[in-house]
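Peer 1: The structure follows.
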Amino acid sequence: MAFELEFIGEYAYKQRIYELLFAWENDADFEFSTSGSTGEPKRIIFTKQQVISSIESTVKRLDLKMGQEHIFLCLDPNFIAGAMMFLRACYLACRVSIISPSAKFWTKISSKHPYTFASFVPLQISNENFDEQKFALIKNVLIGGAAINAELRTKLIGKGNNVFHTYGMTETLTHIALMDLNRSEWYEVLEGYRVRLSDECTLIISTPFLRSDLLTNDFVEMNAEGRFRINGRVDFVINSGAYKVSPEKVEQKIFEWVEIYKEDFGNLMVFGKPDLNLGESVCLVTERKMSDITFSNLQDYLQQSLHKYEIPTHRIVLDSFLFTNSGKLARKEIIKRLIFN
(Lines give C-alpha, C1' and ligand atoms only; values in the text may rest on other atoms or scores of the structure.)
Protein backbone atom coordinates (compact mmCIF):
# COMPACT_ATOMS: atom_id res chain seq x y z
CA MET A 1 0.00 0.00 0.00
CA ALA A 2 1.34 3.43 -0.92
CA PHE A 3 0.58 6.80 0.66
CA GLU A 4 -3.08 7.66 0.06
CA LEU A 5 -4.92 10.74 1.30
CA GLU A 6 -8.68 10.79 1.93
CA PHE A 7 -10.84 13.63 3.28
CA ILE A 8 -14.10 12.66 4.97
CA GLY A 9 -16.82 15.28 4.43
CA GLU A 10 -16.17 19.01 4.40
CA TYR A 11 -12.72 19.87 5.72
CA ALA A 12 -11.52 23.37 6.58
CA TYR A 13 -7.77 22.69 6.87
CA LYS A 14 -6.93 21.28 3.44
CA GLN A 15 -4.42 24.06 2.78
CA ARG A 16 -2.52 23.19 5.97
CA ILE A 17 -2.48 19.49 5.02
CA TYR A 18 -1.10 20.28 1.57
CA GLU A 19 1.50 22.62 3.11
CA LEU A 20 2.70 19.76 5.34
CA LEU A 21 2.75 17.36 2.39
CA PHE A 22 4.69 19.83 0.25
CA ALA A 23 7.26 20.38 3.01
CA TRP A 24 7.66 16.61 3.46
CA GLU A 25 8.12 15.90 -0.23
CA ASN A 26 10.58 18.77 -0.67
CA ASP A 27 12.63 18.22 2.51
CA ALA A 28 11.64 21.66 3.78
CA ASP A 29 11.39 22.88 7.37
CA PHE A 30 8.18 22.57 9.37
CA GLU A 31 6.61 25.36 11.40
CA PHE A 32 4.41 24.51 14.36
CA SER A 33 2.47 26.50 16.94
CA THR A 34 2.32 25.81 20.67
CA SER A 35 -1.14 25.34 22.18
CA GLY A 36 -1.17 28.43 24.39
CA SER A 37 -2.23 26.47 27.47
CA THR A 38 0.50 28.01 29.66
CA GLY A 39 1.14 31.29 27.89
CA GLU A 40 0.99 33.06 24.57
CA PRO A 41 1.18 30.69 21.56
CA LYS A 42 4.54 30.74 19.79
CA ARG A 43 5.91 29.40 16.53
CA ILE A 44 8.68 26.78 16.42
CA ILE A 45 10.56 25.53 13.34
CA PHE A 46 11.96 21.99 12.94
CA THR A 47 13.88 20.31 10.13
CA LYS A 48 12.55 17.21 8.38
CA GLN A 49 15.30 15.12 9.96
CA GLN A 50 14.20 16.22 13.43
CA VAL A 51 10.62 15.29 12.58
CA ILE A 52 11.73 11.88 11.31
CA SER A 53 13.70 11.26 14.50
CA SER A 54 10.54 11.78 16.55
CA ILE A 55 8.44 9.64 14.21
CA GLU A 56 10.89 6.73 14.30
CA SER A 57 10.74 6.55 18.10
CA THR A 58 6.94 6.22 17.94
CA VAL A 59 7.04 3.73 15.06
CA LYS A 60 9.42 1.49 16.98
CA ARG A 61 7.49 1.68 20.27
CA LEU A 62 4.13 0.86 18.65
CA ASP A 63 5.56 -1.56 16.09
CA LEU A 64 3.91 0.31 13.23
CA LYS A 65 4.33 -1.29 9.81
CA MET A 66 5.48 0.53 6.68
CA GLY A 67 2.71 0.65 4.10
CA GLN A 68 0.29 -1.38 6.23
CA GLU A 69 -1.24 1.14 8.66
CA HIS A 70 -4.38 3.21 8.07
CA ILE A 71 -4.19 6.41 10.10
CA PHE A 72 -7.31 8.26 11.22
CA LEU A 73 -6.70 11.99 11.74
CA CYS A 74 -9.34 13.93 13.69
CA LEU A 75 -7.08 16.60 15.27
CA ASP A 76 -6.32 20.12 14.08
CA PRO A 77 -3.21 19.91 11.82
CA ASN A 78 -2.25 23.46 12.72
CA PHE A 79 -1.06 22.09 16.07
CA ILE A 80 1.67 19.59 16.72
CA ALA A 81 -0.41 16.49 17.54
CA GLY A 82 -2.50 16.69 14.38
CA ALA A 83 0.44 17.65 12.17
CA MET A 84 2.61 14.80 13.44
CA MET A 85 -0.15 12.22 12.89
CA PHE A 86 -0.28 13.30 9.24
CA LEU A 87 3.51 13.27 8.92
CA ARG A 88 3.63 9.76 10.38
CA ALA A 89 1.40 8.69 7.50
CA CYS A 90 3.86 10.32 5.08
CA TYR A 91 6.77 8.46 6.71
CA LEU A 92 4.93 5.12 6.79
CA ALA A 93 3.72 5.54 3.19
CA CYS A 94 0.27 4.43 4.28
CA ARG A 95 -3.34 5.52 3.99
CA VAL A 96 -4.60 8.46 6.05
CA SER A 97 -8.26 9.42 6.42
CA ILE A 98 -8.87 12.97 7.66
CA ILE A 99 -12.03 14.34 9.25
CA SER A 100 -12.82 17.72 10.79
CA PRO A 101 -11.62 17.92 14.42
CA SER A 102 -14.66 17.72 16.69
CA ALA A 103 -16.25 15.40 19.24
CA LYS A 104 -19.05 14.35 16.89
CA PHE A 105 -17.10 12.42 14.26
CA TRP A 106 -17.94 9.02 15.78
CA THR A 107 -21.34 9.04 14.05
CA LYS A 108 -19.69 9.70 10.69
CA ILE A 109 -17.37 6.70 10.52
CA SER A 110 -18.31 3.13 9.71
CA SER A 111 -18.83 0.50 12.39
CA LYS A 112 -16.43 -1.62 10.31
CA HIS A 113 -13.86 1.09 9.65
CA PRO A 114 -10.29 0.08 8.63
CA TYR A 115 -8.33 2.46 10.89
CA THR A 116 -5.36 1.03 12.77
CA PHE A 117 -3.80 4.12 14.37
CA ALA A 118 -5.40 7.30 15.74
CA SER A 119 -4.91 10.07 18.27
CA PHE A 120 -7.59 11.82 20.32
CA VAL A 121 -7.98 14.46 23.00
CA PRO A 122 -10.03 13.49 26.09
CA LEU A 123 -13.00 15.64 25.01
CA GLN A 124 -13.44 13.38 21.98
CA ILE A 125 -13.77 10.36 24.26
CA SER A 126 -15.92 11.85 27.02
CA ASN A 127 -18.44 13.14 24.46
CA GLU A 128 -21.86 11.44 24.34
CA ASN A 129 -21.17 10.41 20.71
CA PHE A 130 -18.24 8.20 21.74
CA ASP A 131 -18.61 4.70 20.28
CA GLU A 132 -16.79 1.95 22.18
CA GLN A 133 -17.05 -0.60 19.36
CA LYS A 134 -15.57 1.74 16.77
CA PHE A 135 -12.88 2.77 19.25
CA ALA A 136 -11.96 -0.85 19.98
CA LEU A 137 -11.27 -1.53 16.29
CA ILE A 138 -8.35 0.91 16.31
CA LYS A 139 -5.28 -1.17 17.16
CA ASN A 140 -3.11 1.68 18.49
CA VAL A 141 -4.63 4.75 20.14
CA LEU A 142 -2.92 7.82 21.56
CA ILE A 143 -4.72 10.10 24.03
CA GLY A 144 -3.12 13.45 24.73
CA GLY A 145 -3.52 17.15 25.29
CA ALA A 146 -5.00 16.91 28.79
CA ALA A 147 -5.11 14.72 31.89
CA ILE A 148 -7.30 11.63 32.09
CA ASN A 149 -9.46 11.12 35.15
CA ALA A 150 -10.43 7.71 36.55
CA GLU A 151 -13.87 7.71 34.95
CA LEU A 152 -12.47 8.40 31.50
CA ARG A 153 -9.75 5.80 31.93
CA THR A 154 -12.44 3.20 32.65
CA LYS A 155 -14.03 4.00 29.29
CA LEU A 156 -10.70 3.55 27.50
CA ILE A 157 -9.27 0.33 28.89
CA GLY A 158 -10.12 -3.34 28.49
CA LYS A 159 -11.26 -3.03 24.87
CA GLY A 160 -8.59 -5.31 23.40
CA ASN A 161 -6.59 -2.53 21.74
CA ASN A 162 -3.47 -0.62 22.77
CA VAL A 163 -4.30 2.70 24.43
CA PHE A 164 -1.60 5.13 25.52
CA HIS A 165 -1.69 8.46 27.31
CA THR A 166 1.02 10.68 25.89
CA TYR A 167 3.49 13.00 27.58
CA GLY A 168 5.20 15.65 25.53
CA MET A 169 4.85 19.10 24.02
CA THR A 170 5.39 21.05 20.83
CA GLU A 171 9.03 21.66 21.77
CA THR A 172 9.64 17.88 21.79
CA LEU A 173 7.66 17.18 18.59
CA THR A 174 4.82 15.57 20.59
CA HIS A 175 5.35 12.73 23.02
CA ILE A 176 8.60 11.61 24.55
CA ALA A 177 6.91 9.05 26.80
CA LEU A 178 3.78 6.88 26.79
CA MET A 179 1.64 5.46 29.57
CA ASP A 180 0.06 2.12 28.66
CA LEU A 181 -3.38 2.69 30.17
CA ASN A 182 -4.23 -1.02 30.15
CA ARG A 183 -1.19 -1.94 32.21
CA SER A 184 0.38 0.95 34.10
CA GLU A 185 0.05 4.32 35.81
CA TRP A 186 3.58 5.38 34.85
CA TYR A 187 4.97 7.00 31.72
CA GLU A 188 7.71 5.03 29.96
CA VAL A 189 10.26 7.05 28.01
CA LEU A 190 10.65 6.25 24.30
CA GLU A 191 13.95 5.03 22.91
CA GLY A 192 16.35 7.88 22.18
CA TYR A 193 15.02 10.16 24.92
CA ARG A 194 16.30 10.60 28.47
CA VAL A 195 14.69 12.24 31.49
CA ARG A 196 15.92 13.28 34.92
CA LEU A 197 14.76 15.39 37.84
CA SER A 198 15.86 18.91 38.64
CA ASP A 199 16.64 19.94 42.21
CA GLU A 200 13.02 21.15 42.43
CA CYS A 201 11.71 17.74 41.21
CA THR A 202 10.61 19.11 37.84
CA LEU A 203 11.30 17.04 34.75
CA ILE A 204 14.31 17.67 32.49
CA ILE A 205 14.15 16.14 29.00
CA SER A 206 16.98 15.23 26.63
CA THR A 207 15.92 14.51 23.03
CA PRO A 208 17.91 13.03 20.13
CA PHE A 209 17.25 16.12 18.00
CA LEU A 210 17.64 19.12 20.33
CA ARG A 211 21.08 20.47 21.24
CA SER A 212 20.14 21.48 24.79
CA ASP A 213 18.00 19.89 27.48
CA LEU A 214 14.46 21.09 28.06
CA LEU A 215 13.45 22.07 31.59
CA THR A 216 9.71 21.60 32.06
CA ASN A 217 7.31 23.05 34.62
CA ASP A 218 6.00 19.60 35.55
CA PHE A 219 6.45 18.26 39.07
CA VAL A 220 7.39 14.59 38.65
CA GLU A 221 7.72 11.42 40.70
CA MET A 222 10.16 8.88 39.26
CA ASN A 223 10.49 5.19 40.12
CA ALA A 224 13.52 2.91 40.15
CA GLU A 225 12.95 1.84 36.52
CA GLY A 226 13.09 5.44 35.28
CA ARG A 227 9.36 5.67 34.64
CA PHE A 228 7.57 8.75 35.91
CA ARG A 229 4.21 10.30 36.66
CA ILE A 230 3.06 13.90 36.88
CA ASN A 231 2.06 15.53 40.17
CA GLY A 232 1.22 18.99 38.84
CA ARG A 233 2.82 22.06 37.31
CA VAL A 234 5.04 24.61 38.97
CA ASP A 235 3.44 27.50 37.04
CA PHE A 236 -0.03 26.81 38.49
CA VAL A 237 1.13 26.01 42.01
CA ILE A 238 -1.05 27.60 44.71
CA ASN A 239 0.85 29.19 47.60
CA SER A 240 -1.51 28.75 50.56
CA GLY A 241 -0.06 29.71 53.93
CA ALA A 242 3.45 29.05 52.50
CA TYR A 243 2.27 25.52 51.59
CA LYS A 244 2.71 24.66 47.91
CA VAL A 245 -0.46 23.12 46.47
CA SER A 246 -0.62 21.39 43.08
CA PRO A 247 -4.07 22.04 41.59
CA GLU A 248 -3.82 18.98 39.34
CA LYS A 249 -3.20 16.74 42.35
CA VAL A 250 -6.29 18.12 44.11
CA GLU A 251 -8.36 17.84 40.93
CA GLN A 252 -7.41 14.18 40.54
CA LYS A 253 -8.70 13.44 44.04
CA ILE A 254 -11.92 15.31 43.30
CA PHE A 255 -12.39 13.27 40.12
CA GLU A 256 -11.98 10.12 42.24
CA TRP A 257 -14.75 11.35 44.55
CA VAL A 258 -16.97 12.21 41.57
CA GLU A 259 -16.59 8.69 40.21
CA ILE A 260 -17.14 6.92 43.53
CA TYR A 261 -20.26 8.86 44.46
CA LYS A 262 -21.57 9.28 40.90
CA GLU A 263 -21.70 13.06 41.16
CA ASP A 264 -21.77 15.27 38.09
CA PHE A 265 -20.80 18.93 38.19
CA GLY A 266 -19.57 19.17 34.60
CA ASN A 267 -16.10 20.55 33.98
CA LEU A 268 -14.11 21.47 37.08
CA MET A 269 -10.78 22.91 38.10
CA VAL A 270 -8.95 24.24 41.16
CA PHE A 271 -7.15 27.58 41.39
CA GLY A 272 -5.62 29.89 44.00
CA LYS A 273 -8.06 32.58 45.08
CA PRO A 274 -6.39 35.68 46.60
CA ASP A 275 -6.64 35.52 50.39
CA LEU A 276 -5.59 38.24 52.87
CA ASN A 277 -4.39 35.75 55.47
CA LEU A 278 -3.03 32.82 53.43
CA GLY A 279 -1.88 34.61 50.30
CA GLU A 280 -4.02 32.21 48.28
CA SER A 281 -6.74 29.76 49.30
CA VAL A 282 -7.78 26.72 47.30
CA CYS A 283 -10.98 27.35 45.36
CA LEU A 284 -13.01 24.76 43.43
CA VAL A 285 -14.62 25.90 40.18
CA THR A 286 -17.44 23.78 38.75
CA GLU A 287 -19.78 24.05 35.80
CA ARG A 288 -22.84 23.16 37.89
CA LYS A 289 -23.87 24.24 41.38
CA MET A 290 -22.82 22.15 44.38
CA SER A 291 -24.89 22.22 47.57
CA ASP A 292 -23.38 23.02 50.97
CA ILE A 293 -23.90 19.44 52.13
CA THR A 294 -22.27 17.97 49.03
CA PHE A 295 -19.30 20.36 49.32
CA SER A 296 -18.88 19.35 52.96
CA ASN A 297 -18.94 15.66 51.97
CA LEU A 298 -16.27 16.35 49.36
CA GLN A 299 -14.08 18.09 51.93
CA ASP A 300 -14.45 15.12 54.30
CA TYR A 301 -13.35 12.77 51.53
CA LEU A 302 -10.32 14.88 50.63
CA GLN A 303 -9.20 15.04 54.27
CA GLN A 304 -8.39 11.32 54.05
CA SER A 305 -5.52 11.86 51.61
CA LEU A 306 -4.70 15.58 51.31
CA HIS A 307 -3.00 18.16 53.52
CA LYS A 308 -5.41 20.62 55.14
CA TYR A 309 -4.11 23.45 52.95
CA GLU A 310 -4.85 21.39 49.82
CA ILE A 311 -8.56 21.08 50.55
CA PRO A 312 -10.80 23.62 48.78
CA THR A 313 -12.37 26.12 51.17
CA HIS A 314 -14.32 28.05 48.54
CA ARG A 315 -16.31 27.17 45.47
CA ILE A 316 -17.43 29.07 42.39
CA VAL A 317 -19.80 28.17 39.57
CA LEU A 318 -18.57 29.02 36.07
CA ASP A 319 -21.10 28.02 33.44
CA SER A 320 -18.71 28.37 30.49
CA PHE A 321 -15.23 26.87 30.74
CA LEU A 322 -12.59 27.97 28.24
CA PHE A 323 -10.41 25.51 26.30
CA THR A 324 -7.42 25.82 24.00
CA ASN A 325 -7.68 24.57 20.41
CA SER A 326 -5.96 21.36 21.50
CA GLY A 327 -8.64 20.63 24.10
CA LYS A 328 -6.79 21.64 27.26
CA LEU A 329 -8.29 23.83 29.94
CA ALA A 330 -7.25 27.43 29.25
CA ARG A 331 -6.31 27.85 32.90
CA LYS A 332 -4.75 31.29 32.71
CA GLU A 333 -7.70 32.75 30.84
CA ILE A 334 -10.18 31.13 33.22
CA ILE A 335 -8.29 32.42 36.27
CA LYS A 336 -8.15 35.92 34.80
CA ARG A 337 -11.91 35.83 34.28
CA LEU A 338 -12.53 34.61 37.83
CA ILE A 339 -10.25 37.13 39.52
CA PHE A 340 -10.75 40.26 37.45
CA ASN A 341 -14.39 40.01 36.34
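The values are calculated or read from the model by the stated rules, or taken from the named source; none is laboratory data. Model, not experiment: these values are computed from the prediction. Counting neighbours? That spans all protein chains shown, and the Cβs are built from the backbone with ideal geometry, glycine included.
Peer 1: Taking the stretch 7-23 only, how many residues are in contact with a helix residue (DSSP H, G or I) (Cβ under 9 Å, 6 or more places away or on another chain) and either under 25 Å from LYS108 (Cβ atoms) or loosely packed, with under 15 Cβ neighbours inside 10 Å (or both)?
Peer 2: Residues that pass the stated criteria total 9.
Peer 1: Enumerate the strands (runs of 3 or more DSSP E) found wholly within the stretch 71-188, keeping only those where 3 or more residues are at pLDDT 95 or above, more than 23 Å from PHE255 (Cβ to Cβ) and assigned by TED's automatic domain parsing to the domain that holds LYS249.
Peer 2: Because the criterion is at least 3 residues that are at pLDDT 95 or above, more than 23 Å from PHE255 (Cβ to Cβ) and assigned by TED's automatic domain parsing to the domain that holds LYS249, no strands (runs of 3 or more DSSP E) in the stretch 71-188 meet it.
Peer 1: Here's a follow-up. Name every residue in the stretch 62-72 that is out of contact with any Phe, Trp or Tyr (no Cβ under 6 Å at 6 or more places or on another chain) and crowded, with 17+ Cβ neighbours inside 10 Å, in order of residue number.
Peer 2: LEU62, LEU64
Peer 1: Take MET66 and decide whether it is assigned by TED's automatic domain parsing to the domain that holds ILE138, touching a residue at least 40 places away in the same chain (Cβ under 8 Å) and over 16 Å from LYS134 (Cα atoms).
Peer 2: Considered against the rule, which asks whether it is assigned by TED's automatic domain parsing to the domain that holds ILE138, touching a residue at least 40 places away in the same chain (Cβ under 8 Å) and over 16 Å from LYS134 (Cα atoms), MET66 comes out as no.
Peer 1: Applying the selection to the stretch 1-35, what residues are among the hydroxyl-bearing types (Ser, Thr, Tyr) and either in a helix (DSSP H, G or I) or at pLDDT below 95 (or both)?
Peer 2: If the condition is that a residue be among the hydroxyl-bearing types (Ser, Thr, Tyr) and either in a helix (DSSP H, G or I) or at pLDDT below 95 (or both), then TYR18, SER33, THR34, SER35 are the ones that fit.
Peer 1: Residues in the stretch 238-276 that are in a loop (DSSP other than H, G, I, E, B) and at pLDDT 85 or above: how many?
Peer 2: Number of matching residues: 8.
Peer 1: Look through the stretch 98-118, keep the residues that are more than 21 Å from GLU10 (Cβ to Cβ) and of a type in the set (Ser, Thr, Tyr), and return whichever of them is surrounded by the fewest Cβ atoms within 10 Å (Cβ to Cβ). Let's see the steps before the verdict.
Peer 2: Filtering the stretch 98-118 down to residues more than 21 Å from GLU10 (Cβ to Cβ) leaves 111-112, 114, 116-117.
Now restrict to residues that are of a type in the set (Ser, Thr, Tyr): 111, 116.
On the way: SER111: 8, THR116: 21.
Out of the qualifying residues, it is SER111.
Peer 1: Among all residue pairs at least 6 apart or on different chains, which show Cβ distances below 7 Å where the first residue, located in the stretch 293-310, is assigned by TED's automatic domain parsing to the domain that holds GLY241 and the second is hydroxyl-bearing (Ser, Thr, Tyr)?
Peer 2: Taking only residues 6 or more apart or on different chains, the pairs are HIS307/TYR243; TYR309/SER240; TYR309/TYR243.
Peer 1: Something else about it: Which condition breaks for ASN26 when tested against (1) free of Cβ contacts under 8 Å to residues at least 24 places away in the same chain; (2) surrounded by 13 or more Cβ atoms within 10 Å (Cβ to Cβ)?
Peer 2: Looking at each condition in turn, ASN26 falls short on (2).
Peer 1: Quick check on the stretch 301-320. Is at least one of its residues modelled with pLDDT under 90, assigned to a loop (DSSP other than H, G, I, E, B) and of a type in the set (Gly, Ala, Ser)?
Peer 2: The answer is yes; a qualifying residue exists.
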